[in-house]
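What follows is a short report on a single structure.
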Amino acid sequence: MTVQWQEQVSLKPYNTFGIDVKARYFSQAQDDQQVRQALSQAHQQGLPVLVIGGGSNLLLTRDIDALVLHMASRGRRVLSDDGERIVVEAEAGEPWHPFVQWTLAQGYCGLENLSLIPGTVGAAPMQNVGAYGVEIKDVFAGLTALDRETGELREFGLADCAFGYRDSVFKRNPGRWLILRVRFALSHSLQAHLDYGPVRQRLTEQGATEPTAQAISDAICSIRREKLPDPAELGNAGSFFKNPVVSAAQVERIRAHYPGVVAYPQAEGQVKLAAGWLIEQAGWKGRREGDAGVHRLQSLVLVNYGQASGAQMHALAQRIQADILERFGVELEMEPNLY
Ligand SMILES: Cc1cc2nc3c(=O)[nH]c(=O)nc-3n(C[C@H](O)[C@H](O)[C@H](O)COP(=O)(O)OP(=O)(O)OC[C@H]3O[C@@H](n4cnc5c(N)ncnc54)[C@H](O)[C@@H]3O)c2cc1C
């Protein structure tokens, strides 16, 4: 059976930056069979394939001369429950936040700090999504992926994924693995992580001294809504740069000129710097070049005020990177995937 693909499709509704580029071909996959069908058809035609989920971690700088395959598979299920630990599985195309809310509604704890992250379940392992002191590696129970080189299914355990800060084996080998479904180990009892950012303070203000997982999720959602621009109103991809990890000696050099430098000690004498702080110090906060800009409240978030092209967004990002390197001697790495 040959599946008809749409041709010359605008990807504007499929990326949260709202960049208007075209896909030469576009198709959706609702299950494994449709994934295989699309890959095999593309292979026969010698076409590359770009797999996307919610498009919330993409910067599209040109028309995509490929088949863009949008993951639209749905399904979530409990695989096991021993009274304490529950393993749940969700298909790659499941929207992330509704999935998190579903687990909370069942009384399962573990994903509450990761509430309101845009995108899909299948993309979450790509950069080991994290927020408010929790990353998916902390609740990860495995995933099933299709090896696009051999066509074989492969199961990944925690160690196989090589998760790091906004990093994984999938991110380091782009195009190799197509994630079909992901499993999470959740719990009937809550282990609250409240010590990151204003979470504890927000709960205290609400009088929640012994908060439930749902209360933590609600607090995080309200903080995020205040802090981050809604892509439906202002195009963005969340944090645009990773927080750079540098040597302690480098931090001391920066501190000599900037005593207020924001730095978090890491393992092995390394130090993580707040990229947003560096960008703000360099005077980029709120700056706008045409329709490409740095958010007026969040210097880590680049925004598209309407008609910016991906190339314009990228050029702004590169100017910021060059300036931060010159001023602080620090290299900023982009978080979104560039195409
Ligand atoms: C307002 C806002 C806030 C955000 N906050 C956070 C945050 O707090 N923490 C955080 O970590 N991230 C955050 N992000 C980034 C983003 O939401 C996450 O990285 C999310 O997991 C991306 O999912 P997606 O489905 O949109 O992926 P896409 O943008 O569609 O794809 C991202 C990458 O994954 C690949 N990919 C997608 N699906 C699959 C699949 N099934 N198999 C293999 N590869 C695939 C794509 O090819 C691409 O390279 C934020 C983004 C926005 C816009």
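The values are calculated or read from the model by the stated rules, or taken from the named source; none is laboratory data. No experiment lies behind these values; they were computed from the predicted model shown. When we count neighbours, we look across all protein chains shown, and the Cβ atoms used for this are built from the backbone with ideal geometry, even at glycine. To get the accessible areas, we keep the full protein, side chains included, count just its heavy atoms, and leave off ligands, DNA and RNA. Shrake-Rupley method; radii C 1.70, N 1.55, O 1.52, S 1.80 Å.
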Quick one: which residues, 5+ away or cross-chain, put their amide H under 5 Å from the amide H of GLY286? H built at 1.01 Å from N.
-> VAL294, HIS295, ARG296
Give the total of Lys-Lys pairs in the chain with Cα-Cα distances below 20 Å; include a pair only if its members are 8 or more places apart or on different chains.
-> 9
Of the GluC sites (Glu not before Pro) in region 80-111, which ones lie in a loop per DSSP and count no more than 11 other C-beta atoms within 10 Å?
-> GLU84
Environment charge of GLU335, counting only residues whose C-beta is closer than 9 Å and scoring Lys/Arg +1, Asp/Glu -1 | +1
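Using a Förster distance of 51 angstrom, determine the FRET efficiency expected from the C-beta separation of ALA248 and HIS188, and round it to 0.05.
After rounding, the FRET efficiency stands at 0.75.
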Can you work out D for the chain in µm² s⁻¹ from Stokes-Einstein, where Rh is the Kirkwood radius over C-alpha pairs, the temperature is 37 °C and the viscosity is 0.692 mPa s?
-> 154
Step through the residues of region 34-44 one at a time and calculate ³J(HN,Hα) from phi using the Karplus curve (6.51 cos²θ - 1.76 cosθ + 1.60, θ = phi - 60°), rounding each to whole Hz and writing x for Gly and Pro.
-> 5, 4, 4, 4, 5, 5, 6, 4, 5, 4, 4
Please give, to one decimal in nm, the separation of the simple spin-label points placed at ASN173 and GLU152, each 7 Å out from Cα toward the Cβ.
-> 1.1
Where does the charge balance sit around PRO211 when Lys and Arg score +1, Asp and Glu -1, over other residues with C-beta under 14 Å from its C-beta?
-> -3
Normalised convex hull volume, region 6-71, alpha-carbon set, Å³ per residue | 73
With r defined as the distance between the Cβ atoms of ALA66 and ALA267 and R0 fixed at 45 Å, what FRET efficiency is calculated, to the nearest 0.05?
-> 0.70
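Place the peptides 282-292, 15-25, 251-261, 94-104 in order of packing, highest mean first, counting for every residue the other Cβ atoms within 10 Å and averaging per peptide.
In descending order of packing, they fall as 15-25, 94-104, 282-292, 251-261.
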Any idea how far the Cα center of region 171-186 sits from the one of region 6-26, in Å?
-> 23
Can you pull the one-decimal nm distance between simple spin-label points at TYR165 and GLU210, each 7 Å off the Cα toward Cβ?
-> 3.6
Which Rg and Dmax, in Å, describe the Cα atoms of region 291-339?
-> 11.1, 33
Could you run the Karplus curve 6.51 cos²θ - 1.76 cosθ + 1.60 with θ = phi - 60° over region 257-268 and give me ³J(HN,Hα) per residue in whole Hz, x for Gly and Pro?
-> 9, 10, x, x, 3, 8, 9, 10, x, 10, 5, 6
What are the GluC sites (Glu not before Pro) within region 123-155 that DSSP puts in a loop, where the Cβ has at most 13 other Cβ atoms within 10 Å?
-> GLU149, GLU152
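Grab the DSSP H runs of the chain that are 4 residues or longer, score each as -39,500 (n - 2.57), total them, divide by all residues and round the 222 nm result to the nearest 500 deg cm²/dmol. Before the final figure, lay out each step's value.
Values: 9 runs with 89 residues, N = 339.
About -7500 deg cm²/dmol.
Checking a compactness column here: for region 235-338, what do you get for Rg(Cα) / (2.2 N^0.38 Å), N being the number of residues?
For region 235-338, the normalised Cα radius of gyration is 1.08.
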In the chain, taking the dipole from +1 charges on Lys and Arg beta carbons and -1 charges on Asp and Glu beta carbons about the Cα centre, the listed residue (TYR108, ILE279, ASN243) farthest towards the positive end is ILE279
Report, in debye and to the nearest 20, how large the dipole of the chain comes out about its Cα centre when Lys and Arg carry +1 and Asp and Glu carry -1 on their Cβ.
-> 620
Summed over the other residues with a beta carbon less than 12 angstrom from that of VAL262, with K and R at +1 and D and E at -1, the charge totals +1
Accessible solvent surface per residue of region 6-71, calculated while the other protein chains remain in place, 1.4 angstrom probe, Å² = 46
FRET efficiency, ALA322 to ARG255 (Cβ-Cβ, R0 22 Å, nearest 0.05) = 0.45
